[in-house]
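Step one of this worksheet: look at the structure below.
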Amino acid sequence: MTPLAIWAVALAVEGRAATLSRAPSDTTREKAIAAIHRRAATVAPGTAEATRLGIELGGIGHTYLEQGENGRAIELLSEAYGLDEQNGLVLAELTLAYVRVQDFDSARFYLRMAEERVVDAPPEIYGVLGEIYYALNRLDDAVLAWSEFARFGGQDPVRLRRLLRVQDELALARGQRSFAADHFSVFSDPEIPEDMVHRAAEDLEAAYLRESVFFGTQLPGPQIVVLYAGRSYFSLVSVPDWVSGIFDGKIRVCVEPREGTERALSAVLLHELAHALIRQSSRDRAPGWLHEGLAQWWEGRRLLRRDVKAVLGSKPARSIEALEASLRQPRDRVTARASYAQALSLVEYLMSVRGEGVFACVLARLGEGEALPEALREETGLSPEKLLGGWKAWTGI
């Protein structure tokens, strides 16, 4: 299974998601759960009353899943399944909850059961299954699931748009080869030479040994990597032409299959692998400047302290928030280059004053739910404002 790919799964079950903003407080939910438990103690599993209670309990479990409280969601969805073993939607959401806590053995078990029970099911289950299949790079299955979602009346516009896009992606993926390494599943277009694919996998495996130690985390399962010959996929998802790699849960790289490109390919792969490990360590809570600064550092880029002013000029981003906004939506290639350079230099400044080990600690705190200012303050003694001020003094800007 592809853990980090699924980390990006966005669950928005039709109907229930629409009422999430009106969901009761935790105290009210727990009282409702206690009441369901009392009623469930007097009914037999598989009865109509048990089915009704299972739906109620599953709905509360879904709310916890939406809020990222995966452990509590697993408890409640498991109880809901115990009351009604034919509830395919509960099985699909239970699969997703186990995926999110990286218990892939349990996820596989419940996914198989959910697949077996998708008969006359509500459209929501097909929507959830489509997300899981897509994250596993099972594109045919994802298209089938989302097509059934539409056929049974699913109205979620996000999923319907995703169906159209994945149909296009599936057409581009026809004929792709697959290669399994220890920590990576590599899919590649047939135009890319096999020896290049194997060297890419070797580079990733070697980099993984170093990067996983640096970030203090590991990939809980094989990470999907897709190597494209040309920019067809990148054009499909509107990636700027100066970008040769992206990480959206899968590592996707545009490859020029000719002599002398291996070093450039390796650098991009190491960059995107860093994104995968940062997302894993921080539970996808790391800010963009930290992502991009560390990813560039790991691909081998360096910006000497004495060169920062010449590269950025006299007008770098005046706040961490401004830098973050510039990275999210750069106006042009020049702006993007300056923002990436500032992110790299901030990372190098932190390394110089606090050491390389500080990043694993900051990311771990983010993963535990701390906000960036608190995580920085606890591990570095710096607020975002002091970080930027210290960096400016360090660089002479």
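Each reported figure results from applying straightforward, stated rules to the coordinates on display, with no laboratory input. Since the structure is predicted, the reported quantities are computational estimates derived from the model, not experimental observations. A quick note on method: Cβ atoms are made from the backbone with ideal geometry, for glycine too, and the neighbour counts reach across all protein chains shown.
Worth pointing out:
- Calculated FRET efficiency for the pair R174/V101, C-beta based, R₀ 41 Å, to 0.05: 0.75
- Under 17 Å from K31, Cα to Cα: aspartates and glutamates that are on another chain or at least 8 residues apart: E56, E75, E79
- Helix-only [θ]222 nm of the chain, DSSP H runs n ≥ 4, -39500 (n - 2.57) each, per residue, nearest 500: -20000 deg cm²/dmol
- Residues T28, T395, T335, T42 arranged by fewest to most Cβ contacts within 10 Å: T42, T28, T335, T395
- Whole-number percent relative contact order across the chain, with pairs defined as alpha carbons under 8 Å at least 6 apart: 12
- Distances between every pair of Cα atoms in the chain, grouped in 10 Å steps from 0 to the bin holding the largest one, split as 5, 20, 27, 25, 16, 6, 1, 0 percent.
- Within the straight-line cut-off of under 26 Å between alpha carbons, none of the lysines are reachable from K250, sequence neighbours fewer than 8 places apart in one chain being disregarded.
- Chymotrypsin sites (Phe, Trp or Tyr not before Pro) restricted to segment 202-306 and DSSP loop, no more than 10 other C-beta within 10 Å: W242
- Leading residue at positive end of dipole, the chain (Cβ point charges), from A34, A295, L172: A295
- Across segment 202-210, coupling constants 3J(HN,Hα) worked out from phi with the 6.51/-1.76/1.60 Karplus curve, θ = phi - 60°, read 5, 4, 5, 4, 5, 5, 4, 4, 7 Hz, and Gly and Pro carry x.
- Local net charge near R174, Cβ-Cβ under 11 Å (Lys/Arg +1, Asp/Glu -1): -3
- Relative to the longest principal axis of the Cα atoms of the chain, the long axis of helix 157-173 makes an angle of roughly 60 degrees.
- Loop-located GluC sites (Glu not before Pro) in segment 326-397 (DSSP state other than H, G, I, E, B) with a sparse environment of at most 12 neighbouring Cβ atoms within 10 Å: E356, E368.
- Positive dipole terminus of segment 177-279, leading residue within G245, L277, A200 (C-beta point charges): L277
- Loop-located trypsin sites (Lys or Arg not before Pro) in segment 89-194 whose Cβ has at most 11 other Cβ within 10 Å (DSSP): R174
- Our estimate of slack between E85 and V213, defined as 0.36 nm per intervening residue step minus the Cα-Cα distance, is 41.9 nm.
- Here's the list of lysines a cross-link from K315 could span, going by alpha-carbon distance under 19 Å and ignoring same-chain residues fewer than 8 apart: K386, K392.
- Charged-residue dipole, Cβ positions (Lys, Arg, Asp, Glu), the chain about Cα centre, Debye nearest 20: 1420
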